[in-house]
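Peer 1: Quick one: the structure is below, and I'll ask about it shortly.
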Amino acid sequence: MKKKRLLLSLIFISIVMLLSGCDSKLAVLNPKGPVAKTQANTIIFSILMMAFVLIVVYILYIIMLTKYRASKTSDDYEPPHIEGNKWLELTWTAIPVIIVAILSVVTVQTTYAVEKVPAGYEDQKPLVIYASSSDWKWHFSYPEEGIETVNYVNIPTNRPVEFRLYSYGPITSFWVPQLGGQKYAMTDMITKLNLVAEHEGSYLGKNANFSGKGFAKMEFEVQAQSPGDYTKWVNDVKQTAPKLTEQEFNTLLKTDFVGRKSYSSTHLGFAPPPEGDMAGHQHGGDSKTEKDSGSENMDHMNHDMSGMDMSGSSSMEHGH
Amino acid sequence: MKINDTLPLEYRTEENSNKILGFWLFLGAEIALFSTLFAVYFTLWNRTGNGPTGKDIFEVSGVIWETLLLLTSSFTCGLGIHAMRLNLKKPMMIFFGITLLMGLGFLGIEITEFVNYVHEGATMQTSAFLSSLFILLGTHGLHVTMGILWGSSILIQVNREGFTDATANKSFIFSLYWHFLDVVWIFIFSFVYLKGLM
Amino acid sequence: MKWDEFFVTGEPMIYGADISIVLVSLAIIIGLTYFKKWGYLWREWLTTVDHKRIGVMYIISALLMLFRGGVDALLMRTQLATPDSKFLDAQHYNEIFTTHGVVMILFMAMPFIIGMMNVVVPLQIGARDVAFPRLNAVSFWLFFSGAMLFNLSFVIGGSPDAGWSAYFPLASNEFSPTVGMNYYSLALQISGIGTLLTGVNFIVTILKMRAPGMKLMRMPMFTWSVLITNVIILFAFPVLTVALALMMFDRLFGTQFFTMANGGMDMLWANLFWVWGHPEVYIVVLPAFGIFSDVISTFSKRNLYGYKSMVVSMVAISFLSFLVWAHHFYTMGTGAMVNSFFSITTMAIAVPTGVKIFNWLFTLRKGKISFTSPMLYAMAFIPIFTFGGVTGVMLAMASADYQYHNTMFLVAHFHYVLIPGTVFGVVAGMHYWFPKMFGFRLNERLAKWAFWLIVVGFNTAFMPLFFLGLDGMTRRTYTYSAATGYGPLNMVATIGAFVCAIGFVVLCYNFYYSFRHSPRDENGDPWDARTLEWSTPSPVPAYNFAKMPIVNSQDAFWYSKKQKVPLYEDGPYEEIHMPSNSGQPVILGIIMFFLGFFLVFSWFIPAIIAGIGVVIMLAVRSFERDHGYHISAKEIAATEQKLRGDTV
């Protein structure tokens, strides 16, 4: 009994050491950008705080179990009646309150931090990429560059990237562990995720939220390139890849697994994302769709207004 | 069996006073239920899709009649319980009868209203707003229906047995239920109809 | 609908299940007929309104469901043991983790807890039964028919496959076209109504039926936890009722609550589900806290330390449990402010929970601790649950949760709280109160073997998942490639799961072994315990207490033993009024089962007929005048004489 507990605490302490070691292999604790770094630091900090709590509890626990077992007391020992102790009870209320308060401050600060464009990158114009999911793939649309990819996304290093997430079906969650935490993609609204890659390299991204049969295969590659390489890649795609037609896009939506694709135009024109007036399914009526043209967040899009009706994309249609 | 003669008949046995407390707790759960339905309605009420809004379909006259009927029925239900406390069997049965008839009248108007909505193309399937409207009103309507069935069975029992521990207890609990439905309706009237018409 | 769509076909595992279901049913029917036990079964069990028997039926059902959910778990772990495993396909895996979650929470943890409440609470407060015995039977049969309906989906129509949280639009007809999710909405609805009625019943029981002198602040901690739990049930379950009803309307009648067009809002489901779902976590864990409090106090031979702060902390937890639901979806994009609010409320729960941990530790202090099997589970609970708790605080930090959400880290966390919390709690309770239920103790040697297998297996199974989560392994993934490097830790976890499963097999074998070999309990108080239930003979007679106990303090039975003051008034026995058995609850349960089944397949005419059947049953009950029956003073004297010798 006693040995096992001691062993447990030893294991735990070694775990903490392992986790806080700087060259950890665990993806979440091996950040490659400022957002993931903030989160990794928060995690390490909370582990240390919690380790303190655990050590206090485990030490008390071991003391109680070793000192007061029946085999160590005399047969006629009669345990006393003790109601409690106001000061002790206040102590173990107050200390957790302080710990929670400290953690709350850290949480609020970091939560605001990871929602914003990371510090030091606010001055740069972010690269906007629409990332939309459909069963079971990811579509990445670059409105400014006018290109679109499927199941892989290239980004320049040291430039803020604003992912605008939405879904053509079940709720999915866009996650690149080494660049930052995840966020949901849903059908009727856009969620935004700001990420920066500070190191060149290839990072695994995935859908983290269960979305049906093909869920496990819903992975993509994030390739962080130097700005030069990135521009070169964009130009390559523009020149060599085919255009994404509405028909082609609908076929993509309907196909379960498609592998990687590149296109020299985006689907945003004929199938606009659910933002601005398009959010919240207010887009069905004829009168409402027409005034979308003025919507400010579509300024970098160069699309054909006549295709605004969402019924163009089959998976948005409803079988009722 | 513990019996306390100082209490009104419906509370007198321990079992019956437990039943009344139990029913109050059940009404607590009902409040949670209707609160959730209201929350759903308030979340979805402007998500009308391609369908009509509340303003397009609500008709004032029917709603006013429904409200009048239900409020009055709650009053007559209270009079019924008062008569029971005075051990007046016939007046009690008459007041309860009126209560149930008014409940039926309420249901009749509500059903007509639903039929009208459907004729105007506003069905449960049209939009999230209408789904939540039909479910909220329908749940209340279903409660009224169950109340009418329950009240009728109590009337038969009072008629057969007069006021006993059992029948007095049932009648009293029924009156709690009926008042509760009235309160829910006041919320529906204010926050669904009045707000929708504004 | 064609027959091959009606029955699930084409799978050897399912055919195996079909055959075993038919064989087991036949064996039961033949066995009952051969041993002429039909009448016994009907009279003594199916129609019973005795809280102790209803409690036992709940616990037996829970153990059966533990087996079902446990097999699901082993199948999942087998699939994940190696990379790119072909043991299960994606659809199967999805169905299995969905049913594992639903079965374990709603059809294992809940009935186990409610079974414990049923057996113990009236005895602890000195009552002859619960406030509404008949309603109690209705609760049980509604739970049972819901559980059977849910399990039927395995062989008829197809299992639900959208996760136990059933997020829309995945759970809509479009993405989940089989009837599986219909089963989910209806089975949970039926058993949920039963649970709600239990909530009403136990609040009234505890508030109104306590023995003379038992003030609220003299109640045993388990009874306190049950009272608070049932208040949570009362306010949380109606939300589930609404959520499931909306789901049913979306799937069966084409409404637009959670759809992707016409104004539907998928995240509304997630909100409703977790407004119920988070309090639900405390519904299954608070009674376990109560059990641990009683067990720790009994086996330290000491009164519970900080009784008042124990009560206050449970009230605080129950209140906070309604204010934290959005921490299940920080990643929905509601913004830093909302997330910060829910982070703080969530972390705040750590404070009252911490108070409880320290109070338990200080109950041990200056005690005289004996390590019986219930105490072993309680002692394993403290360190393991604390570990689960602190990982919960880590998850509560919204910024960090963006990295933990939907990963194995989360899976590890909630198993680290639910297994030591709920499962160890009910298992400890079962070992503790077993002699009260059946009149003999479980064999301690086998119980300890089971305990060590379960504890070691559990830690081996779930500790690796924390690391897998931090390495980016998502939950609900049916397979992974070797390149991810997740293989070795998953293999370790699978081995742990099997060790744990062996522990549960030993635990169940112990029932049989002890039934054969354990000495029968003589005085009704085998543990030298403290609370009123141990003052009755074991097994407890139908009327529980021949005379009403007099309560002057907490742990009244303990002090009556120590100070040699009588617990019962002197004087002759009086006749006792008892409620009669009734077949109505079980019939109502069967009708509800068919109502649910017909609705699952959208067979509306039969469903309406079944619905009318339900109304008829209500009317029958309304017109019935059941005055119960009386046990005469002479009969009581004889029974007491037989059970206690002539000590009373």
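The values are calculated or read from the model by the stated rules, or taken from the named source; none is laboratory data. For clarity, every value in this text was computed on a predicted model and none was experimentally measured. Positions of Cβ are backbone-derived with ideal geometry, glycine not excepted, and every protein chain shown enters the neighbour counts. Surface accessibility is based on the protein's heavy atoms, side chains included, excluding ligands, DNA and RNA. Shrake-Rupley method; radii C 1.70, N 1.55, O 1.52, S 1.80 Å.
Peer 1: Could you give log10 I(q)/I(0) at q = 0.17, 0.26, 0.31 Å⁻¹ for the range B:96-137, computed by the Debye formula over C-alpha point scatterers of equal weight, without solvent?
Peer 2: Results for the range B:96-137 at q = 0.17, 0.26, 0.31 Å⁻¹ read -0.52, -0.83, -1.00.
Peer 1: Please list C:319-332, C:186-199, C:260-273 highest first by mean number of surrounding beta-carbon atoms within 10 Å per residue.
Peer 2: C:186-199, C:260-273, C:319-332
Peer 1: Taking square-rooted eigenvalues a ≥ b ≥ c of the alpha carbon gyration tensor, is the range A:38-90 rounded, prolate or oblate, where a/c under 1.5 means rounded and, failing that, a/b exceeding b/c means prolate? Please report the intermediate quantities before stating the final value.
Peer 2: Values: a/c = 7.65, a/b = 2.30, b/c = 3.32.
Cα axes put the range A:38-90 in the oblate bin.
Peer 1: Now for a separate question. Mind ranking C:14-23, B:92-101, B:21-30 by how tightly packed they are, going by the mean number of other C-beta atoms within 10 angstrom, highest first?
Peer 2: Final packing ranking: B:92-101, B:21-30, C:14-23.
Peer 1: Taking every pair of alpha-carbon atoms in the range A:146-273, give the share separated by more than 22 Å as a whole percent.
Peer 2: Of all Cα-Cα pairs in the range A:146-273, 38 percent lie more than 22 Å apart.
Peer 1: Of C:Ser165, C:Met148, C:Gly199, which is farthest towards the positive pole of the range C:148-253's charge dipole, taken about the Cα centre with +1 and -1 on the beta-carbons of Lys, Arg and Asp, Glu respectively?
Peer 2: C:Gly199
Peer 1: Please state the relative contact order of the range C:37-644 as a whole percent: Cα pairs under 8 Å, 6+ residues apart?
Peer 2: For the range C:37-644, the relative contact order is 18 percent.
Peer 1: Among the lysines, select those whose C-alpha is under 23 Å from the C-alpha of B:Lys19, and discard any that sit fewer than 8 residues away in the same chain.
Peer 2: Output for B:Lys19: B:Lys2, B:Lys89, B:Lys170, C:Lys52, C:Lys208, C:Lys215.
Peer 1: Filter chain C for me: DSSP H helices, axial length by Cα at least 30 angstrom, mean Kyte-Doolittle hydropathy not below 0.5. List them by residue number.
Peer 2: Helices passing the filter in chain C: C:12-34, C:51-80, C:180-208, C:221-253, C:266-300, C:373-396, C:444-470, C:487-517.
Peer 1: How many nm is it between the label spots at A:Glu144 and B:Met198, if each spot is 7 Å from the Cα in line with the beta carbon?
Peer 2: 4.6
Peer 1: Now for a separate question. What's the FRET efficiency of A:Ser226 with A:Gln109 using the Cβ-Cβ distance as r and R₀ = 30 Å, to the nearest 0.05?
Peer 2: 0.40
Peer 1: Quick one: work out Rg over Rh on the C-alpha atoms of the range C:232-383, Rh as Kirkwood radius. Could you put the intermediate results ahead of the total?
Peer 2: Values: Rg = 20.1 Å, Rh = 17.8 Å.
Answer for the range C:232-383: 1.13.
Peer 1: Find the eigenvalues of the gyration tensor of the Cα atoms of the range C:37-644, then list the square roots of 5 times those eigenvalues as equivalent ellipsoid semi-axes, largest first, in whole angstrom.
Peer 2: 39, 30, 23
Peer 1: Hey, another quick one. Expressed as an acute angle from 0 to 90° and rounded to the nearest 10, what is the orientation of the C-alpha long axis of helix B:128-161 relative to the principal long axis of chain B?
Peer 2: 20
Peer 1: Straight distance only, please: which lysines reach the Cα of A:Lys243 with their own Cα at less than 17 Å, same-chain residues fewer than 8 apart left out?
Peer 2: Answer for A:Lys243, where 17 Å is the Cα cut-off: A:Lys261, listed by chain and number.
Peer 1: Give me the residues in the range C:111-158 whose solvent-accessible area, probe 1.4 Å, is reduced by at least 30 Å² once all protein chains are included instead of the chain isolated.
Peer 2: In the range C:111-158, residues shielded by partner chains: C:Phe132.
Peer 1: While we're here: With +1 on each Lys and Arg Cβ and -1 on each Asp and Glu Cβ, and nothing else charged, work out how big the dipole of the protein assembly as shown is about its Cα centre, in Debye to the nearest 20.
Peer 2: 4340
Peer 1: In Å², rounded to the nearest 100, what is the total accessible surface buried by chains C and A against each other with a 1.4 Å probe?
Peer 2: Buried: approximately 8300 Å² between A and C.
Peer 1: Continuing with the same structure: Per residue of B:14-24, count partner chain C-beta atoms within 10 Å of its C-beta, then hand back the mean as an integer.
Peer 2: Per residue, the average neighbour count from other chains is 4.
Peer 1: How compact is the range C:112-271 by the rule of thumb for globular proteins, expressed as Cα Rg over 2.2 N^0.38 Å?
Peer 2: Relative to the rule-of-thumb radius for its length, the range C:112-271 sits at 1.25.
Peer 1: In nm, give the distance between the simple-model label positions of C:Ala633 and B:Asp56, each being 7 Å from the Cα along the Cα-to-Cβ direction.
Peer 2: A separation of 7.7 nm, rounded to one decimal place.
Peer 1: Here's a follow-up. Across the residues of C:466-476, average count of Cβ atoms on other protein chains within 10 Å?
Peer 2: Details: counts 3, 5, 1, 3, 11, 8, 12, 4, 13, 3, 6.
For this peptide, the per-residue mean of nearby foreign Cβ atoms is 6.
Peer 1: Take the Cβ-Cβ distance between C:Met217 and B:Val118 as r, set R0 to 56 Å, and report the resulting FRET efficiency rounded to the nearest 0.05.
Peer 2: 0.45
Peer 1: In Å², rounded to the nearest 100, what is the total accessible surface buried by chains B and C against each other with a 1.4 Å probe? Present the calculation step by step, with values, prior to reporting the outcome.
Peer 2: Details: alone 10160 and 26950 Å², together 34050 Å².
Buried area between the two chains comes out at roughly 3100 Å².
Peer 1: Also, I was wondering about something else. Using only alpha carbons, build the gyration tensor for the range C:31-111 and give me the equivalent ellipsoid semi-axes, biggest first, whole Å.
Peer 2: 36, 15, 9
Peer 1: Give the Rg (one decimal place) followed by the Dmax (whole number) of the range B:57-197, computed from C-alpha coordinates and expressed in Å.
Peer 2: In order Rg, Dmax, the Cα atoms of the range B:57-197 give 16.6, 52 Å.
Peer 1: Here is a follow-up. Going by average Cβ neighbours within 10 Å, how do the peptides C:607-616, A:95-104, A:31-40 rank, with the highest at the top?
Peer 2: Result, highest mean first: A:31-40, A:95-104, C:607-616.
Peer 1: So, for the range C:47-206, what is the accessible surface per residue at a probe of 1.4 Å, expressed in square angstrom?
Peer 2: In whole numbers, the range C:47-206 has 20 Å² accessible per residue.
Peer 1: Report the local net charge at B:Ile109: Lys and Arg +1, Asp and Glu -1, summed over other residues whose C-beta lies under 14 Å from its C-beta.
Peer 2: Taking every Cβ under 14 Å from that of B:Ile109, the sum is -4.
Peer 1: Something else now. Using C-alpha positions alone, give me the convex hull volume of the range C:287-330 per residue in cubic angstrom.
Peer 2: 81
Peer 1: Other chains' Cβ within 10 Å of B:115-124 residues: what's the mean?
Peer 2: Working: counts 0, 0, 0, 0, 0, 0, 0, 0, 3, 5.
Mean shielding count: 1.
Peer 1: Right, another one. Which value results for Rg/Rh of the protein assembly as shown when Rg is the Cα radius of gyration and Rh the Kirkwood radius based on the inverse mean 1/r?
Peer 2: For the protein assembly as shown, the value is 0.98.
Peer 1: Compute the Cα gyration tensor for the range B:1-137, then decide on rounded, prolate or oblate, letting a ≥ b ≥ c be the square roots of its eigenvalues: rounded whenever a/c is under 1.5, prolate when a/b is larger than b/c in the other cases, and oblate in all that remain. Numbers along the way, then the final one.
Peer 2: Working: a/c = 4.24, a/b = 1.91, b/c = 2.21.
Oblate, because a/c is 1.5 or more while a/b does not exceed b/c.
Peer 1: For the range C:358-382, which residues drop by 40 square angstrom or more in accessible area between the chain on its own and all protein chains together (1.4 Å probe)?
Peer 2: By number: C:Phe358, C:Leu361, C:Phe362, C:Arg365, C:Lys366, C:Lys368, C:Ile369, C:Phe371, C:Met379.
Peer 1: Ignoring ligands, DNA and RNA, what accessible area per residue does the range C:332-477 give at 1.4 Å, in Å²?
Peer 2: 20
Peer 1: Over all directions, what mean area does the Cα convex hull of the range C:519-648 project, stated in square nanometres?
Peer 2: If I average the Cα hull's projected area over directions, I get 12.5 nm².
Peer 1: While we're here: Can you find, among B:Thr145, B:Asn159, B:His119, the residue sitting farthest towards the positive end of the charge dipole of the range B:76-162, where Lys and Arg contribute +1 and Asp and Glu -1 at Cβ?
Peer 2: Value computed over the given set: B:Asn159.
Peer 1: Next question. Using the structure shown, list the pairs from A:Lys25/A:Lys116; A:Lys183/A:Lys238; C:Lys308/C:Lys366; C:Lys356/C:Lys436 with a Cα-Cα distance above 22 Å, or answer none.
Peer 2: A:Lys25/A:Lys116; A:Lys183/A:Lys238; C:Lys356/C:Lys436
Peer 1: Sticking with this one: Helix-only estimate, please: 222 nm mean residue ellipticity of the protein assembly as shown, summing -39500 (n - 2.57) across DSSP H runs of length 4 or more and dividing by its residues, to the nearest 500. The partial results should precede the final answer.
Peer 2: Numbers: 34 runs with 676 residues, N = 1166.
Theoretical 222 nm ellipticity from helices: -20000 deg cm²/dmol.
Peer 1: Where only protein heavy atoms count, and the probe is 1.4 Å, what is the accessible area per residue for the range B:57-197 in Å²?
Peer 2: Value returned for the range B:57-197: 40 Å² of accessible area per residue.
Peer 1: Whenever you get a sec, compute what percent of the accessible area on the protein assembly as shown sits on carbon and sulfur atoms (1.4 Å probe).
Peer 2: 66
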